[in-house]
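The values are calculated or read from the model by the stated rules, or taken from the named source; none is laboratory data. Please read these numbers as outputs of a predicted model, since none were measured by experiment. Counting neighbours? That spans all protein chains shown, and the Cβs are built from the backbone with ideal geometry, glycine included. Please note that ligands, DNA and RNA were not included when accessible areas were found on the heavy atoms of the full protein model with its side chains. Shrake-Rupley method; radii C 1.70, N 1.55, O 1.52, S 1.80 Å.
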Amino acid sequence: MKILVVNAGSSSLKYQLFDMDTESVIVKGGVERIGIRGSVLHHKWAQGEKVIEQDMPNHKVAMQAVLDALVHPEYGAIHSMSEIDAVGHRVLHSGGDFDGSVLLDDEVLKICKKNAELGPLHMPANILGIEACREVMPHTPMALVFDTAFHATMPPHAYMYAVDYDDYKNYKVRKYGFHGTSHKYVSQEAIKYLGRGAAGTKIITAHLGGGSSLSAVMDGKCVDTSMGFTPLAGVPMGTRSGDIDPAVLEFLAAKKGYTVLDCINYLNKQCGVAGISGISSDFRDLTKAAAEGNERAQLALDMFAYAVKKYIGSYIAAMDGLDCLVFTAGIGENTWQVREMICDKMDCFGIALDAEKNRLKNDGAIHDITGEGSKVKVLVIPTNEELVIARETKELVEA
Ligand code: ADP
């Protein structure tokens, strides 16, 4: 069975074609600058990379260009579109209407459109991608896999905000959580690694990347997560503030003449470690600058590690213990300095790192970086969100 995984952004469209018999990627790539001058498709096939520059004014044209690349006699991977058995779409928000992945039909699409307001940065683009795909492949079954779905198992005391209950009821104001496919994948891999089945396991997954979130996972199910109503909440991120006193908004609005939207844009795009360091949102730049003595880069790293540490502590309290701490995503998999800072002085929780193993380069495999005498297993597990999407799509289509 061949499954195409599609992840549509506002001006981008990433794809991977999976052979599900071996769970391997046949080809992958992405379109950038959809609707902007200079649209380009990078298509990576077994023998190399093909760069296709072509005008792509909308997602439908981009999707058609992807399909043309997939069936191309020279650099394609299949002879005809009919070889694609199903398409799996990454979708940000289920709006609480779906607690798992779902096969696409008109009703499902209608619900997604209704929920677009819950994710204004991502949902309209996700929907454009789905519609474009439906137009060019009208007979291929499609599944939607939501970033929020893994968190649907959170109990109300974890997902509720202490706002007027009517606002929760009427407007769905609550915590949803994101990066669900990643938290799901790495927690399942951790359970396999621990080798004793999901029951009774207590795991914290730290997805640390451009956006970062942590989840508390008990018995294989999410019981709490650090992102909230939107992906702005939680630990500080590349350019996002993470948790902040909401009264800062009114204060900033008065000082800087911001509207509410300006404030949210500011918190999404001008804050985080980039705002603190004044250097970069990229942890490779920050660790280099800090090592060279840049104090603000060091402060940004300190703040990030401190916030992650505090979430770990709070999730140990929430689960009454911890068996395994998992690091994943760009920073979690690669930036050993940050893992070291996070796990430093965590003896009271029984967390210790092996300094040498922690510095081993990411080679795409699972690394056990647990230190001697540590009661908690500490693992680096490369995430694979696309594979989760492909697996869930296969399961739905076969059912
Ligand atoms: P996104 O949320 O954009 O998918 P990623 O999970 O790819 O983010 O993480 C990207 C971040 O990981 C970069 O901003 C950078 O700070 C950090 N990073 C550190 N080392 C590496 C590396 N070797 N490769 C990629 N990202 C790295």
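Using θ = phi - 60° and the Karplus curve 6.51 cos²θ - 1.76 cosθ + 1.60, what whole-Hz ³J(HN,Hα) does each residue of the range 233-250 get, with Gly and Pro shown as x?
Ordered by residue, 3J(HN,Hα) equals 8, x, 6, x, 10, x, 10, 9, 5, x, 4, 7, 4, x, 5, 4, 4, 5 Hz.
How much accessible area per residue does the range 71-186 have, counting only protein heavy atoms and a probe of 1.4 Å, in square angstrom?
Accessible area per residue, the range 71-186: 46 Å².
Where nothing but the Cβ of Lys and Arg (+1) and of Asp and Glu (-1) is charged, how large is the charge dipole of the chain around its Cα centre, in debye to the nearest 20?
Once rounded to the nearest 20, the dipole reads 560 debye.
Going by alpha carbons, how many degrees (0 to 90, nearest 10) lie between the helix axis of 180-194 and the longest principal axis of the chain?
70 degrees
With the full set of protein chains in place, find how many percent of the accessible area of the chain is carbon and sulfur; take the probe as 1.4 Å.
Here it works out to 51 percent.
Give, in nm to one decimal, the length gained when the segment between Ala291 and Lys256 is fully stretched (0.36 nm per residue of separation minus the Cα-Cα distance).
Numbers: separation 35, 0.36 × 35 = 12.60 nm, distance 3.41 nm.
Going from the current span to full extension adds 9.2 nm.
Report the label-to-label distance for Gln54 and Leu299 in nanometres (one decimal), using points 7 Å from each Cα along the Cα→Cβ vector.
5.0 nm
Per residue, how many Å² of accessible area does the range 285-345 show with a 1.4 Å probe?
On the way: 2680 Å² over 61 residues.
Accessible area per residue: 44 Å².
Just to be sure I understand the model, the point goes 7 Å from the Cα along the line to the Cβ. What's the resulting Asp282 to Asp106 distance in nm?
Here the answer is 4.8 nm between the modelled labels.
Taking the chain as the reference, fit the longest principal axis to its C-alpha atoms, fit the long axis of helix 385-398 to the helix C-alpha atoms, and give the angle between the two in degrees, 0 to 90, nearest 10.
Value to nearest ten degrees: 50.
Give, to the nearest whole percent, the P(r) tail of the chain beyond 33 angstrom, counting all Cα pairs. Each step should come with its number before you reach the end.
Working: 27587 of 79401 pairs.
Value for the chain: 35 percent of Cα pairs lie more than 33 Å apart.
Would you mind pulling out the separation of the Cα centroids of the range 204-257 and the range 267-294, in Å?
Taking the Cα centre of each part, the range 204-257 and the range 267-294 sit 18 Å apart.
Report the full-extension gain for the segment Met160 to Ala355: residue separation times 0.36 nm, less the Cα-Cα distance, to one decimal in nm.
Working: separation 195, 0.36 × 195 = 70.20 nm, distance 3.89 nm.
So the chain would gain 66.3 nm between Met160 and Ala355.
Between Gln64 and Asn265, take the C-beta separation as r, use R0 = 35 Å, and let me know the FRET efficiency to the nearest 0.05.
0.60
For Ser94, what residues show an amide H to amide H distance below 5 Å, using hydrogens built from the backbone and excluding near sequence neighbours?
Thr148
If you take the beta carbon distance between His79 and Lys44 as r and set R0 to 25 Å, what does 1/(1 + (r/R0)^6) give as a FRET efficiency, to the nearest 0.05? Before the final figure, lay out the partial values.
Numbers: r = 19 Å, r/R0 = 0.77.
Here the calculated transfer efficiency is 0.85.
Report ³J(HN,Hα) in whole Hz for each residue of the range 88-103, in order, from the Karplus equation J = 6.51 cos²θ - 1.76 cosθ + 1.60 where θ = phi - 60°; Gly and Pro get x.
Values, residue by residue: x, 9, 7, 10, 5, 10, 8, x, x, 7, 10, 9, x, 5, 8, 6 Hz.
On C-alpha positions alone, give me the angle between the axis of helix 295-319 and the longest principal axis of the chain, in degrees, nearest 10.
It is inclined by approximately 90 degrees.
Run the dipole for the range 260-399 about the Cα centre, Lys and Arg Cβ at +1, Asp and Glu Cβ at -1, nothing else charged, and hand back the magnitude in debye, nearest 20. Please report the intermediate quantities before stating the final value.
Values: 15 positive and 22 negative charges, 54 e Å.
Here the size comes out at about 260 debye.
Between the range 328-357 and the range 92-126, how many Å separate their Cα centres?
About 36 Å separates the Cα centre of the range 328-357 from the one of the range 92-126.
Over the range 176-276, with a single point scatterer placed on each C-alpha, what log10 of the ratio I(q)/I(0) does the Debye formula yield at q = 0.12, 0.17 1/Å?
Each listed q maps to, in turn, -0.47, -0.76.
Taking a threshold of 22 Å on the Cα-Cα distance, which of the pairs Lys202/Lys310; Lys172/Lys309; Lys44/Lys269 fall above it?
Values: Lys202/Lys310 17 Å; Lys172/Lys309 30 Å; Lys44/Lys269 30 Å.
With Cα atoms farther than 22 Å apart: Lys172/Lys309; Lys44/Lys269.
Which three extents, in angstrom, do the Cα atoms of the range 1-98 have along their principal axes, listed largest first?
Reported extents, whole Å, longest axis first: 42, 38, 21.
Amide H to amide H, which residues 5 or more places from Cys222 or on other chains are under 5 Å from it, using H placed in the peptide plane?
Here the answer is Thr153, since their amide H atoms fall under 5 Å of that of Cys222.
Of Tyr306, Leu360, Met1, which is farthest along the charge dipole of the chain in the positive direction, counting Lys and Arg as +1 and Asp and Glu as -1 at C-beta?
Tyr306
³J(HN,Hα) across the range 111-118 via Karplus (A = 6.51, B = -1.76, C = 1.60, θ = phi - 60°), whole Hz, x for Gly/Pro?
Couplings: 5, 4, 5, 5, 8, 4, 5, 6 Hz.
By how many nm would the segment from Tyr193 to Asn170 lengthen if fully extended, with 0.36 nm per residue of separation less the alpha-carbon distance? Don't skip to the end; give the middle numbers.
On the way: separation 23, 0.36 × 23 = 8.28 nm, distance 4.26 nm.
That works out to 4.0 nm of additional length.
Can you give the % of DSSP beta bridges in the chain that are antiparallel, to the nearest 5?
Working: 41 of 59 bridges.
Within the chain, antiparallel bridges account for around 70 percent of the total.
What does the net charge come to around Asp323 if you take all other residues with beta carbon closer than 12 Å to its beta carbon, with K and R at +1 and D and E at -1?
On the way: positive: Arg196, Lys202, Lys375, Lys377; negative: Asp219, Asp320.
With Lys, Arg at +1 and Asp, Glu at -1, the net is +2.
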